[in-house]
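Let me begin by presenting the structure, written as structure tokens, before commenting on it.
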Amino acid sequence: MEERRNDTGATMKDVANAAGVSTATVSRTLMNPEKVSVQTRQKVENAVLEVGYYPNNLSRGLKRNDSRTILVIVPDIGDPFFTDIIVGIEEIAAQHGYLVLIGDCRYQHKPEHTFLNLIVTKQIDGMVLLGSNVPFDRPDEQRHLPPMVMANEFAPELELPTVNIDNLTAAFNATHYLQQLGHGRIACISGPEDLPLCQYRIEGYIQAMRRMGMPVRKEYLVRGDFTHESGAACAAQLLALPEPPTAIFCHNDIMAIGVLWAARQQGLTLPRDLSVVGFDDLPAAQYCSPTLTTIAQPRYEIGRHSFLLLLEQLQGRAVAKGSRLLDSDLIIRESACAPKS
């Protein structure tokens with residue numbers, strides 16, 4: 001008897017051949033993934049993407065769009081930056097009758113494929129990606145997945161509908177504000193090198209320095225990992241230089257608060273001895289000492305607009321690829337002032 005094919009034309013046997021396993025193993029992996037090894041599960045999940053296989057009941061469910069569930073993939077659920085974005089997604093999703101599942105991929109071995117089995121077996125209608133990790137390795141694999149929207153990050157090569165801010169201009173404005181206060185020795189504490197938004201923010205910092213004819217000093221550009229600890233460590237490194245900076249621009253508020261702590265540990269008076277500007281305008285920025293000058297992102301609106309873009313696709317409407325830019329603002333508080341004469 002010939003094996004029945006699903007709507008994409010692929011069969012479970014095709015998945016088995018591509019993965020180099022039996023059809024029984026494919027079935028067990030999709031229905032009871034905890035009963036197979038991680039290596040086998042990854043082989044099968046990769047093969048599912050490669051051949052474009054979906055179980056018949058899933059294909060019918062997607063056609064009816066009746067699962068009413070979306071998946072939000074978060075780089076780090078512990079990072080408070082993502083809280084308001086998720087709230088924005090969940091509130092508007094609830095208004096339209098959708099359930100939101102949250103997938104935290106920080107500790108996953110291969111986060112871009114971690115939730116493939118959930119997508120296949122739990123009838124996920126669509127996904128919102130809050131980072132630059134994507135659940136496919138090749139562009140042609142994307143057509144086998146539910147609709148996706150990227151929020152916060154912008155990676156033009158992925159050709160996904162995206163909601164974000166202009167990180168380059170925001171970083172330029174933060175750096176230029178310090179220049180207007182009279183600072184020339186301005187350092188930059190970046191986030192991880194592999195994040196596109198960090199690359200844009202570095203470019204904004206560099207452009208601001210060059211626009212004012214100021215040197216971009218290699219020792220003034222250091223990298224953290226968005227944690228308090230890395231902000232403090234980077235600050236200690238910068239303040240130990242023979243000619244330390246008089247101001248530091250940080251790629252997020254968490255690292256900026258770490259910088260404030262490290263500066264006080266060294267006996268500096270803030271902001272007289274060191275000015276600090278952050279990024280994100282987290283609630284903590286209003287309550288640290290001194291209160292933090294920072295770039296405010298419309299995090300709730302990023303979440304809200306990202307779900308609305310996804311909803312358009314789920315309702316069968318064509319959505320143009322590329323970026324939808326929301327406004328950001330420089331919020332001036334107490335952590336930056338003119339340098340000492």
Those residues of segment 39-90 which are at pLDDT 80 or above and part of a loop (DSSP other than H, G, I, E, B) amount to ARG68, PRO75, ASP76, ILE77, GLY78, ASP79, PRO80
(1) touching a strand residue (DSSP E or B) at 6+ places or on another chain (Cβ under 7 Å); (2) in a helix (DSSP H, G or I) all hold for VAL277 apart from (2)
Among the small types (Gly, Ala, Ser), in contact (Cβ under 8 Å) with a residue 24 or more places away in the chain, open to solvent by 20 Å² or more (accessible area, probe 1.4 Å) and under 17 Å from LEU330 (Cα atoms): is that true of ALA284 in this structure? yes
Output yes when any residue across segment 251-260 is touching a strand residue (DSSP E or B) at 6+ places or on another chain (Cβ under 9 Å) and either outside the structural domain of LEU282 (by the TED database) or over 18 Å from THR294 (Cα atoms) (or both), and no when none is. no
Give ALA232, ALA256, ALA263, ALA236 a once-over and let me know the one that is surrounded by fewer than 21 Cβ atoms within 10 Å (Cβ to Cβ) and either out of contact with any Phe, Trp or Tyr (no Cβ under 7 Å at 6 or more places or on another chain) or assigned to a strand (DSSP E or B) (or both). ALA236
Checked pairs for segment 11-37, first basic (Lys, Arg), second open to solvent by less than 30 Å² (accessible area, probe 1.4 Å), C-beta under 7 Å and 6 or more apart or across chains, list as ARG28/VAL36
Segment 231-253 residues that are closer than 29 Å to GLN297 by Cα, paired with ones that are open to solvent by less than 40 Å² (accessible area, probe 1.4 Å) and charged (D, E, K, R) (beta carbon under 6 Å, 6 or more apart): HIS251/ARG201; ASN252/ASP280; ASP253/ASP280
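Taking the criterion of being of a type in the set (Ser, Thr, Tyr), at pLDDT 95 or above and under 19 Å from the mean Cα position of the chain (by Cα), would at least one residue in segment 243-261 satisfy it?
Narrowing segment 243-261 to residues of a type in the set (Ser, Thr, Tyr): 246.
This time we only want the ones that are at pLDDT 95 or above, so: 246.
So of that shortlist, the ones also under 19 Å from the mean Cα position of the chain (by Cα) come out as none.
Taking every residue of segment 243-261 in turn, none turns out to be of a type in the set (Ser, Thr, Tyr), at pLDDT 95 or above and under 19 Å from the mean Cα position of the chain (by Cα).
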Inspect segment 110-122 for any residue being buried (at least 17 other Cβ atoms within 10 Å of the Cβ) and at pLDDT 90 or above and give the result as yes or no. no
When you go through ARG185, ARG211, ARG223 one by one, which is the residue that is over 26 Å from the mean Cα position of the chain (by Cα) and either open to solvent by less than 20 Å² (accessible area, probe 1.4 Å) or closer than 13 Å to PHE249 by Cα (or both)? ARG185
Hey, GLN286 closer than 30 Å to VAL163 by Cα, not assigned by the TED database to the domain that holds ILE186 and not hydroxyl-bearing (Ser, Thr, Tyr) or not: no
Exception for SER323 within (1) small (Gly, Ala, Ser); (2) over 19 Å from ILE89 (Cα atoms); (3) open to solvent by 20 Å² or more (accessible area, probe 1.4 Å) falls at (2)
Kindly indicate whether CYS288 is at pLDDT 95 or above, over 18 Å from GLN180 (Cβ atoms) and either part of a strand (DSSP E or B) or of a type outside the set (Ser, Thr, Tyr) (or both). yes
Any residue that is assigned to a strand (DSSP E or B) and either open to solvent by 70 Å² or more (accessible area, probe 1.4 Å) or touching a Gly at 6+ places or on another chain (Cβ under 9 Å) (or both) - is there at least one of those in segment 299-309? no
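The values are calculated or read from the model by the stated rules, or taken from the named source; none is laboratory data. In this text the structure is predicted, and so the values were computed from the model without any measurement. Please note: Cβ atoms are built from the backbone with ideal geometry, for glycine as well, and neighbour counts cover all protein chains shown. Only protein heavy atoms, including side chains, enter the accessible area calculation; ligands, DNA and RNA are left aside. Shrake-Rupley method; radii C 1.70, N 1.55, O 1.52, S 1.80 Å.
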